[in-house]
Amino acid sequence: MAHIIVVGNEKGGSGKSTTCMHVATALARQGFRVGALDLDLRQKSFGRYIENRRAYLLRAGLDLPTPDYRDLPEVEASALQPGENPYDARLSAAVAALDPVSDFIVIDCPGSHTRLSQVAHSLADTLITPLNDSFVDFDLLARTDPETGKVKGPSIYSEMVWNARQLRAQAGLKPIDWIVLRNRLGAQQMHNKKKVGAALEELSKRIGFRVAPGFSERVIFRELFPRGITLLDLKDTGVDQLNISNIAARQEVRDLMRELRLPGVTPEF
């Protein structure tokens with residue numbers, strides 16, 4: 001069975017699609033068969049990223065490893081079982097089609113709570129939650145005391161992950177490996193960064209996730225999207241000399257792949 005990686009966060013702008021694309025491409029470049037789904041049926045940023053890649057590679061005459069992206073199939077109402085949710089059926093059909101031809105399936109969830117997102121979390125072998133490094137985004141995971149900064153309790157999103165874990169346990173599946181990714185770590189506001197880090201460490205012990213460093217705020221990530229390429233592709237697309245920022249960003253991708261601890265995967269690219 002394919003190992004399913006779900007990237008989820010109910011707030012937009014956390015870097016989900018960038019994370020999806022770099023993880024999926026890193027796996028494809030190592031020779032793994034990688035399926036890709038985007039559950040944000042309106043924006044489809046991950047899907048558009050891969051479409052941009054295919055178009056650019058065609059124009060440039062390049063052949064680089066690319067995830068196998070597919071839209072969710074439409075399902076006829078007559079094909080649904082009594083009481084079956086059509087979104088459940090569409091996601092199940094998409095995963096069933098990719099599973100036999102994939103080693104990994106990377107699923108990007110929308111920045112909101114939807115039925116598709118809820119079901120996808122229950123399918124996750126690995127769950128990645130990118131989080132901008134601030135208490136504004138930390139609120140996604142837990143409620144904190146405004147005076148002391150102490151964690152008061154889990155948020156609705158954390159409770160959803162807990163429910164997904166319970167569903168998997170009932171089905172006899174292995175537990176979700178949950179990684180919270182600290183994105184957009186800046187050089188400034190060191191005091192606030194330490195407070196967020198301490199709160200994440202405290203919460204991780206209470207509700208069971210691992211904390212990993214993510215991607216810093218860099219212009220390069222926004223520049224890559226129109227061509228659909230990643231930091232791992234730069235030398236293959238004619239960039240012979242990487243600047244210091246690009247080298248550092250590439251190392252962040254390696255560090256992320258190491259932290260994910262995916263079966264059979266090495267962080268060397």
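All of the numbers you see were taken from the coordinates with simple rules; none came from a lab. Note that this is a predicted model, so its numbers are computed, not measured. Glycine gets a Cβ as well: all are built from the backbone with ideal geometry, and neighbour counts include every protein chain shown.
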Peptide ranges 156-164, 1-9 listed from the most packed, as the mean C-beta count within 10 angstrom indicates: 1-9, 156-164
Under 21 Å between alpha carbons - lysine pairs in the chain that sit 8 or more apart or on different chains: 18
The range 3-260: relative contact order as a whole-number percent, Cα under 8 Å and 6+ apart: 24
Highest average packing first - 43-54, 136-147, Cβ atoms within 10 Å: 43-54, 136-147
Projected-area average for the range 1-107 over all orientations - Cα convex hull basis, square nanometres: 7.9
Residue (of Leu173, Ser92, Ile247) at the positive-pole extreme of the range 3-260, dipole from beta-carbon charges: Ile247
Reported label for calculated Kirkwood radius over Cα pairs in Å given [x] 19.3; [y] 18.7; [z] 21.4: [x]
Where a label projected 7 Å from the Cα of Leu242 along Cα→Cβ would reach, residues of the range 13-35 with amide N under 18 Å: 18-31
